[in-house]
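J.: Pasting a structure below so you can have a look.
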Amino acid sequence: MAESRTAQSPSSVVVFDDVTVRYGAGPKVLRNVSFTLGPGSFHFLVGASGAGKSTLLSLMYLAMAPAGGRVRIFDRDLSTLARRELPPLRRRIGVVFQDFRLLEHLSAMDNVALPLRVAGAPEVEVRQHVGELLSWVGLADQLHALPATLSGGQQQRVAIARAIIARPRLLLADEPTGNVDDTIAMRLMFLFQELNKMGTTVVIATHSDALVNRFNHRQLRIVEGSLRVIAREDDGIAGAA
């Protein structure tokens, strides 16, 4: 995977300060949510279907703004940013969408290569890193396949490879193991954990209690629009982020 670090690391990667979200005149989806994610932290984002997990992820990857409160990403207050300042921030964020969002006219290799090519990486390096990563996720024989010819689980692995290929500072994954078997799920979790060891802050939204219980990472748990941070067993203090 290619290097995409900046010389100066942020003191915090994500900060929510009293954030509220509502859609139209409906009830609040998120209410008075506050937390901080530090560099190199790893969290599971959990909660019932419709609890607001996808909304929280949308705020973190700059796809929407809160109705109230403040969001800071990489020490930048999003409410004060000009539109032209958003693309450079987004390039530091890797996102695995639940609906994959692959470009249908591009092969698996070209989909995964996009972040590296946008960053101006040499083509020899692009092909080497993309080939290695697709091989690792079990798609070495599908490099030139179009998304429409791949199964849902294969498309998901392409989407994950695209999200992590440039070693983002923040990785957000919405149900990344939902369409794969246990063996592939564990391989993907190993990838996420290795990326995390290199300094990437990781947030994985999941419905899988088995996945959450198998790995001792902190939880961001949403219940009725409110959020609670649940510490790891070895943290000693619940609510620390």
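J.: Kindly list the number of the only condition in (1) within 16 Å of V14 (Cβ to Cβ); (2) surrounded by fewer than 18 Cβ atoms within 10 Å (Cβ to Cβ) that fails for Q98.
T.: For Q98, the exception is condition (1).
J.: For residues in region 1-47 being at pLDDT 90 or above and of a type in the set (D, E), which is farthest from P88 (Cα to Cα)?
T.: Result: D18.
J.: Further question: Would you be able to say whether some residue in region 144-162 is surrounded by fewer than 13 Cβ atoms within 10 Å (Cβ to Cβ) and in contact with a strand residue (DSSP E or B) (Cβ under 9 Å, 6 or more places away or on another chain)?
T.: no
J.: Then there's this: Which of the residues belonging to region 202-212 are of a type outside the set (D, E, K, R), surrounded by fewer than 22 Cβ atoms within 10 Å (Cβ to Cβ) and farther than 21 Å from G152 by Cβ?
T.: V212
J.: Another one. Scan region 179-201 and give yes if some residue there is more than 21 Å from Q154 (Cα to Cα), assigned to a strand (DSSP E or B) and touching a residue at least 60 places away in the same chain (Cβ under 8 Å), otherwise no.
T.: Yes - at least one qualifying residue is present in region 179-201.
J.: Then there's this: Taking W136 as meeting all but one of (1) out of contact with any strand residue (DSSP E or B) (no Cβ under 6 Å at 6 or more places or on another chain); (2) modelled with pLDDT of 95 or more, write down the number of the exception.
T.: Here W136 meets the rest and fails (2).
J.: Would you confirm, using the coordinates I've provided, whether L172 is aliphatic (A, V, I, L, M), touching a helix residue (DSSP H, G or I) at 6+ places or on another chain (Cβ under 9 Å), outside any loop (DSSP other than H, G, I, E, B) and more than 29 Å from V46 (Cβ to Cβ)?
T.: No.
J.: Give me the residue from region 70-98 that is in contact with a helix residue (DSSP H, G or I) (Cβ under 9 Å, 6 or more places away or on another chain) and outside any strand (DSSP E or B) and, out of that set, farthest from N32 (Cα to Cα).
T.: Here the answer is R91.
The values are calculated or read from the model by the stated rules, or taken from the named source; none is laboratory data. Because the structure is a prediction, the values reported are computed rather than measured. Cβ sites come from the backbone with ideal geometry, for glycine too, and all protein chains shown count toward neighbours.
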